[in-house]
Amino acid sequence: LRVAVTMDNLGLNLPFDNTSILREYRNQVPLEFDFDREKAMLNTIGTAVTGRVPDVIVPHAVEGLCTKKVLTMTFVEGESLGDVIQRGINAGGPISSAAGSSEKSAAAMRTEGGNPVDGGALVAKLIETFGVQIFALGKFHSDPHPGNLLVAPDGKTLSVIDFGQTKVLQDKTRLGIARLVLALAAGHRDGALAEVAKLGLELTNAGPDFAMTVCYVLFDTRMDMEEAHLSPLDADLPEDMRVVNIKTIPEDIFMLIRVVALIRGMLISFDADVHARTIWRPYALAALRAAGEVIPDYALEQEAAIERGLSGKEPASASTASTASAGVSTEGEGSVYTRMKSLAMWMKDNELPHDRKAMMPFAGA
């Protein structure tokens, strides 16, 4: 952190706000060792999520067996999601940019007992728990890596453990994120950019359209965009991504960005496309209404269209159903994600270059 502050003072800036990120880690990591706090978070979040999101379990603390140095929880059955993913990689081959590699690994993912694991469905359930956590509670698990997620022997039930890193949002931030989600769900660019500015996120060297793309990358989990599959360190990164600078990342929203990034990693492993904005939309609406906030017109119009059974206001390929699977892409012919996969497989079959570098010009078109 001291090095980052010194670099800032010298004007040696990275293309993102690393100083705020380090400050947030400095504040959050020590909380891992506060077992009284973890016990409270475990029970609060567990009570809110259990029974509200189907096939999701959160253990609860056992009263009388917890101290400042010991946290005792009820037993949940399952194996690490990380182990399931690794088993799929071992059976289907390493995940890479080559066409079909993720698809083969995803198809091979099974529980230790041999039951198939629908990764997209599991991630959709996980994302819905964050709808409850972020918008109903203002508290959320900020470290949902695969080691903290357990898959039951049936391959369908997901357990969430280790609430040592739990982020507590200011109410103003919680409602700001709710408004941002509504703008992203409706595809309302100006609304989304206005909300991220109010949250304190500052983007430079990005036109309005690309700034909207950055918002989807940071705050949604959709994988049907070229940019969702790129790393800032890629040598073949497009110029518009190379020059963009996330000048300010408010500490209060960084952990949400981190959660989205972790979920994206799982979606790549599962070769799945799940849209958080679609799953979170009803939770965001409920949060704003409970707080007596004004709902933007575009969000009300989208809500009315969905209630009439119309999905024209929903961008990309996300479904508009009201269940946890709502955000799982239908991957129809209009999905960029699906079309690029099909094209890559055709190029592979015809012995043409089909890795990510070769496919990027087609995605851009």
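All of the numbers you see were taken from the coordinates with simple rules; none came from a lab. Every value quoted in this text rests on a predicted model; they were computed, and no experiment measured them. Methodologically, a virtual Cβ is constructed for each residue, glycine included, from the backbone with ideal geometry; neighbour enumeration extends over all protein chains shown.
Pairs over the 27 Å Cα-Cα cut-off, from the set K125/K247; K69/K156; K139/K198; K104/K139; K156/K198: K125/K247; K69/K156; K104/K139; K156/K198. Report note on the peptides 281-287, 302-308: ranked by the mean count of other C-beta atoms within 10 Å, highest first, their order is 281-287, 302-308.
Modelled label positions at E112 and E77, each set 7 Å beyond Cα in the direction of Cβ, lie 1.2 nm from each other. Estimated at 0.36 nm per residue, the fully extended path between N205 and D55 surpasses their Cα-Cα distance by 49.6 nm. In order along region 61-70, the phi-based Karplus estimate (6.51 cos²θ - 1.76 cosθ + 1.60, θ = phi - 60°) of 3J(HN,Hα) comes to 5, 8, 4, x, 10, 10, 9, 5, 10, 9 Hz; Gly and Pro are listed as x.
Label 7 Å along Cα→Cβ of V168; region 24-67 residues with amide nitrogen under 15 Å? Taking a point 7 Å out along Cα→Cβ of V168, the residues of region 24-67 whose backbone N falls under 15 Å are 27-45. Placing a pseudo-label 7 Å from each Cα along the Cα-to-Cβ vector at R308 and D34 gives an inter-label distance of 4.9 nm.
Sorting the segments 177-183, 243-249 by their residues' average number of neighbouring beta-carbon atoms within 10 angstrom, most packed first, yields 177-183, 243-249. At 7 Å along Cα-to-Cβ for each site, give me the label-to-label distance between N90 and A261 in nm. About 2.9 nm separates the two model spin labels.
Please give the length that would be gained between V294 and E227 if that part of the chain were fully extended, namely 0.36 nm times their separation in residues minus their C-alpha to C-alpha distance (nm, one decimal). Show your work: numbers first, answer last.
Details: separation 67, 0.36 × 67 = 24.12 nm, distance 3.24 nm.
Gain on extension, V294 to E227, equals 20.9 nm.
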